[in-house]
Each structure stands twice: as C-alpha cells, then as structure tokens.
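Below: the structure, in structure tokens.
The values are calculated or read from the model by the stated rules, or taken from the named source; none is laboratory data. Note that the structure is predicted; figures quoted are calculated from it, not measured. All Cβ positions, even for glycine, are placed from backbone atoms using ideal geometry, and neighbour counts span all protein chains on display. Note: areas computed on protein heavy atoms with side chains; ligands, DNA, RNA excluded. Shrake-Rupley method; radii C 1.70, N 1.55, O 1.52, S 1.80 Å.
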Amino acid sequence: MKTTVMGSYPKILAGSGPSVRSAIQRFEKGLITPTQLFETYSEVTRRVLDQAFSANLDRTTDGQIRWYDLFDPVVRDLDNVHSAGLIRLFDNNFYVRHPLITGRLQYQGGTLAAWSREAASYSRVPLKVALPGLFTFLDLQEDTSYGNTDNLLADLIDVMRLAVRHLASTGVVEVQWDEPSLAYSSSSWSASRVQEAYKTLMDPEVEIEHSIALYWGKSSLWLDTLSQLPLSRISCDAVSEPRVLDILAVDKLNVAVGLGVIDARNVRMEAPEELIRIVEPVLRQQGDERTWIHPSCGLEFLPPDRAEQKIHLLRNIKLRINA
Amino acid sequence: MAKHLLTTSVGSFPKPNTLITARSQFRRAQISAQQLREAEQEATRQVIALQEALDIDIFVHGEMERGDMVAYFAENWQGFSQSLPVRSYGNRYYKKPIVENVVSLGNSVGLTVDAWKRASELTSHPVKGMLTGPYTICDWSFNAYYPDRRSLVMDLAQLVHEEAMALARAGAQYIQIDEPAISTRPDELELAIEAMAVVTHNLPAKTISHICYGDFETILPGLYDLPVDQLDLEAANQHFALLDLLARYPWPKSKELALGVVDVHSHRVESVDEVKAGIRRALEIVPIENLLIDPDCGLKTRTWEEAEEKLRVMQKAVEEIRQEDGLR
Ligand SMILES: [Zn+2]
C-alpha cells in the first residue's frame, strides 16, 4: 500500500520557522525585499518536501506554497485568462479567484514549469503536480469570449497538453487532475464527454502519469467512466462518501485507486485501527500495489499542527499495513 | 412619502490604524483592556461619523470589537476552542473555532448589546444589531464534538436566539443574522431555515440576513422561505448576474432586498454610473418599496479610504436616482 497527499498544504508551518503569511505582510510594509519574499516561499516549500520524505510518502506535491490558489499558475501561463473576482470554493469557507476568459486561450508557459522544477530538484519523494481538472476549470471560469463550451473545451485541452509537455521535462512524474466539480452534486457533465476530453488530453508521446482526484462529493458516480482511461490512479473522497469503500471492496478497477480516508477538513484525528479496518477490504480486492491512501483533499483547510499530524498518521498506517 | 432606496452597510468596517496599533499593543501587554475598549470606542465614533457624513440611512456599528464574525462568538461562548490560523483566501487567515463540547452562552448573555448601545448613543439613525447565524457558525467551525451538523446547528440556533432577544430588549429595531454559508449546500437549506425560525421566533425587530459567495441558483426560490424580513445579497462581485437569477421568480411581496452594489474584495472603486445601472436593473425586478442599497459584504477587507470611496459612490448613485425619479 502506498501513501500520498492531494494538493495544497498550509503556508504557515506548525511551530516556529519561516512563514509565508508574515513574509507577505512584511513585504507589503516594505520591511523585506522581493528576494527575501521569494526565498521564504522556497524555504517553506522545502520544509513541506522534507516532511513528505520523513512521513515516507510515496508521492507528494510541493504543497502549492507559491500558489495563490488552484488556478494561479495556470492563469499565469495562459494569455487571455485573468485572475478575477473571488468565488467560494465549493462548500468551503475558502475563496479563489475565478479565471476570466477574455480571448482565445494561448499557452505561454513558464511559471508552472519553473515552480515545479524547483520543487522536483529538491524533493526526495517523487513529485506530482495537482492541476484544476478540465471540468472543474470549466465550471468555475467566466467566459466572455468563446460563448461556446465545445470550442472552449477543445482549446483548454490543447493548452493543457502543452502545459503537461512542458512539465514532463521538469522532473515531475505525475499530473493529478483535480475534479471536485465532477464529484459535487450539481455536476451535469456526461460520461462520454468527460471520457472523450481526458482521452484527448493525455498525450501518449509524453512520458508522465495522469491521475484524477475526485473530492467533496460522490466519487462513486465516476468510477466506471474514469477507470476506462489510461490513468495511473483515481482518487476518491471516502470522507464525503464512505460508501465508495464498499463499492471498491467489491469491484476491482482497471487502475490503481486512491482512498481519501483521512478527513482533510476536520481537526478530529482518526484512530489508526479504525482506518485500517475500513481500508482492508479494499486492499484485499484491489491489491497492495494498486491501493493508495491519502487525505480526502488538500491539507490547507486544516490548521498547520493538524495538517502535520495527519501526514504522520499516514506514515503510521502505512507502517502497520505493510508490516 | 417615505424615503426610498434606503442605504445601509453589511456590517464590518476597516479598523482605523490607531485601533490596529492598540490591538497589537494590547497583545503585547503594553496597554490595558480598558485602553483597548477606549480605542475601539474611538474607532466606532469614526465609523458613525463617516456614515453621518455620507448621509447613509441605516447604520452599522462597524464591529471594531470583533476580529472574525464567527470566531468572535466562539471566543466568548462556551464549548469552543481555537485552532491555529487557517487561510480563507490570499493572505487572510482566521483562527477557526473548534467545537469541543456542548455549546452555551456561559457568562456572555447579551455579548453584543454593549457595543450596539454605545454606537446607538452616538447617532439618531437606527443602528443594526449584528449577529452571525447558527448555520454559518457551525459551517465555519470544526465540529469535533457533536455527532452531526444538525444537532450542532440547532443548539447554536437557541444561543443566537437568546442573543437576538437581548438586543431587542435593549431597543434594537433592526437585527441582522448573517448566514453567508447558507448558499453552499442546497441539501441543507431546510436545516438553515429551521434554525433561522428558532432565531427569529417572537423577535420584536425587523430581521435581516446577509448571504454571500454562493451558488444562488441552487437555493432559489427556496431561500425566500428564510424567516427574516429582509435578504441582503451581494451582486456587484458577479457584475449583477444575481439579478438575472432573481428575475426568474416573482419577488416575494413580504420581503425586502438589500442589494450589494459595490465589490468589497476589489481595490477598484466602481463608477457612479455602473452602480446606478445595477440599481436600475434591480428596480425592474423588485418593487421600489422593497429595495435597499448597500455594499456586497462587510468592508473590513478594504482600507479606510477605499471603504469611504465605495460608500460615497454608492450613496451618490442612490441620490442621483432619487433625484432623477423624483423620489425622496
Ligand atoms: Zn458577505
């Protein structure tokens, strides 16, 4: 059994040490230089990567410490897409700037690759990058240019293929497409459309893994559809939908499965015995090599002390299950 | 003829620099609690004076004594502890409350009355009593105690009701119970409505609820059943797209709408014309007797100057419309 985290990590760390929050405050007051701010981001990122190593994770992100939100580097790397008004991120008390599309998407690149290269060159754990999934992007963007979803989706796939191609040269081994929108109750995308879109997105010429992360809703709705794609993992949120574990204990998927069994949105600590109890039937069905466990979503929704404790809980469970 | 298009604010105002300094001095034990109270009162005086100067109709006290709208209650009530800071967006963080036990008022009955009274004494305008709704307090806390959300929300509803009654007894004519979280989970709208019914039960005041940042599409027209007299909704943030949504259903005659016409999360100050255009669109949907005008949300994330400018534009837009249409 393997372990990973999902995406974001708190930008302030538990205990003492560098803090992105106070660095930004000090920067805005003119007390530190742009270089010092830049280095604070790097230092916090390195701490997050160190922690992933000490927790014996099999794969990690860089914690998205430099990212304003999930859309940030994508918006920076595309022409005619702007960071616009704050919107609530699904049912969280957390807000992101929605992408505003004002012209035809054009890939310029640079930011995501630079940030990822920096993290990959330091990380002792294989690095993945979590990006907004196609349909989550479509649901949260504001289009003032295309006026036609098919055309927008086609261009979005095209520019994201370029982004992935660029990423593959940075040392990143996996792109995880975050699709809370698909899991969320109001999603109305058809299975064939989702399948078709991801098939086109995944360029067989580019050597990198693709996975899809479903969270904050019903992951089970998409297991059939997504497991027919050449994905390296489908991650499910078993906190929002415990029933998905029952399904996975019976149905063997064609692809590896990620179990979001650790609640990344509540401070309550899970008991390791209980986690092992609920994970074991899935492990038996899917097999050791094809089962991952992870928090239900990015850990940034937790205070830093709890985020750290939950990462260590992953280590603890992995040790006990693999023993 | 009664005055039309009354203007108001959602709740919080930016803290003046003197108060920010006083708060950090208090944290470093350099000034006493009494001195901090005085700094808050001085800041409240500035908030009231600004509203007087701009000729706003229904006042708020500005929440100078509060940090976060949920944490303030959690810090003073029983059953909560506090987490380390959690980010809400950009570089803004809050100490998210943790429910660790049965919630109760403890010694804090009438927690909000004193600040309301002191602000009211500074003006002849009505000042709104400001509370956070039970659904939002639950939603913006970590629940580490109650078996489910419903039981926590309903316990909180009783506490908010008692606080609202204390404000009404003190003389508050307007009591606002903010539920910004209500629009996040359509499947829990019923629960939020049930909880609000507990809060506003037999409450002798005009009741208001402010709601923002959500998918209104999924909770309309059910939201009209929220048992309050006035809904206060943001619109400027999404370029008044809310109005297209509201236009789909007949506006409920018994309810007022306070419409947000300036975006509180943007540095850009709107033009008078764009605000007027928004108000004019709203008037096609909501009867003029039912419409009030305010900013999208609390102003605390803006600088004092930005807040003042945005309110000035809002007020000017309303005054021009009143004049053009021969309203008072
Ligand atoms: Zn608001």
**Prompt:** By DSSP, what percent of the beta bridges with both residues in the stretch A:2-322 are antiparallel, rounded to the nearest 5?
**Reply:** 25
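Express the relative contact order of chain A as a whole percentage, based on alpha carbon pairs under 8 Å and six or more residues apart in sequence.
Details: 627 pairs, mean separation 64.3, N = 323.
Reported relative contact order: 20 percent.
Over the whole of A:90-96, what's the average partner chain Cβ count within 10 Å per residue? Rounded to a whole number, please. Don't skip to the end; give the middle numbers.
Details: counts 3, 9, 5, 14, 4, 7, 2.
The per-residue average across the peptide is 6.
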**Prompt:** Could you state the principal axis extents of the C-alpha atoms in the stretch A:1-70, from the largest down, to the nearest angstrom?
**Reply:** 48, 25, 18
**Request:** Find the centroid of the Cα atoms in the stretch A:161-223 and in the stretch B:59-122, then give the distance between the two in whole Å.
**Result:** 41
**Asked** Which order, highest average first, do A:293-299, B:295-301, B:22-28 follow once you tally other Cβ atoms within 10 Å for each residue and take the mean per peptide?
**Response** A:293-299, B:295-301, B:22-28
**Request:** Can you give me the P(r) profile for chain B? Cα pairs, bins 20 angstrom wide beginning at 0, each as a whole percent.
**Result:** 32, 61, 7
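Can you give the Rg/Rh ratio of the stretch B:49-98, where Rg is from the C-alpha atoms and Rh is the Kirkwood radius?
On the way: Rg = 15.0 Å, Rh = 13.1 Å.
Radius of gyration relative to Kirkwood radius: 1.15.
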**Asked** What quantity of accessible surface, computed with a 1.4 Å probe and excluding non-protein components, is buried in total between chains A and B, in Å² to the nearest 100?
**Response** 2600
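With +1 assigned to the C-beta of every Lys and Arg and -1 to the C-beta of every Asp and Glu, and no other charges, what is the dipole magnitude of the stretch B:153-234 about the Cα centre in debye, to the nearest 20?
Details: 3 positive and 15 negative charges, 83 e Å.
Taking the Cα centre of the stretch B:153-234 as origin, the dipole is about 400 debye.
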**Request:** Quick one: among B:Asn143, B:Asn17, B:Asn237, which has the greatest mean-square fluctuation in a GNM of chain B with alpha-carbon springs under 10 angstrom?
**Result:** B:Asn17
**Message:** Output wanted: per-residue J couplings in Hz (rounded whole) for the stretch A:309-323, from phi through Karplus 6.51 cos²θ - 1.76 cosθ + 1.60, θ = phi - 60°, x for Gly and Pro.
**Reply:** 4, 6, 5, 6, 4, 4, 4, 4, 5, 4, 4, 6, 6, 7, 5
**Message:** Show me the trypsin sites (Lys or Arg not before Pro) within the stretch A:49-127 that DSSP assigns to loop and that have at most 16 other Cβ atoms within 10 Å of their Cβ.
**Reply:** A:Arg124
**Asked** Within the stretch A:178-208, whose backbone N sits under 11 Å from a point 7 Å along Cα→Cβ of A:Asn148?
**Response** none
**Computed E for A:Arg26/B:Gln78 - FRET, C-beta separation, R0 30 angstrom, nearest 0.05** = 0.25
**Prompt:** Amide H to amide H, which residues 5 or more places from B:Glu100 or on other chains are under 5 Å from it, using H placed in the peptide plane?
**Reply:** B:Phe80, B:Ser81
**Charge dipole (debye, nearest 20) of the protein assembly as shown; +1 at Cβ of Lys and Arg, -1 at Cβ of Asp and Glu** = 1560
**Request:** Would you compute, from DSSP H runs of 4+ residues alone, the mean residue ellipticity of chain A at 222 nm, taking -39500 (n - 2.57) per run and dividing by the full residue count, rounded to the nearest 500?
**Result:** -12500 deg cm²/dmol
**Item:** HN-Hα J in Hz across the stretch A:221-236 - Karplus 6.51, -1.76, 1.60, θ = phi - 60°, x for Gly and Pro
**Value:** 4, 10, 4, 4, 4, 7, 6, 8, 9, x, 8, 8, 6, 10, 9, 10
**Spin-label pair A:Gln36/A:Arg193, simplified geometry with 7 Å Cα→Cβ offset, distance in nm** = 5.1
**Prompt:** What whole-number value in cubic angstrom gives the convex hull volume per residue for the C-alpha atoms of chain A?
**Reply:** 128
**Label point distance in nm, B:Ala241-B:Ala170, each placed 7 Å from Cα along Cα→Cβ** = 3.9
**In nm, spacing of pseudo-spin labels at B:Arg45 and B:Glu305 (7 Å Cα→C-beta vector)** = 2.4
**Asked** Relative contact order, percent, of the stretch B:1-120 when contacts are C-alpha pairs under 8 Å separated by at least 6 residues?
**Response** 23
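Dividing the Cα radius of gyration by the Kirkwood radius, what Rg/Rh value follows for the protein assembly as shown?
Values: Rg = 25.3 Å, Rh = 26.1 Å.
Over the Cα atoms of the protein assembly as shown, Rg/Rh equals 0.97.
Under 8 Å for C-alpha pairs, at least 6 residues apart: give me the relative contact order for chain B, rounded to a whole percent.
That works out to 19 percent.
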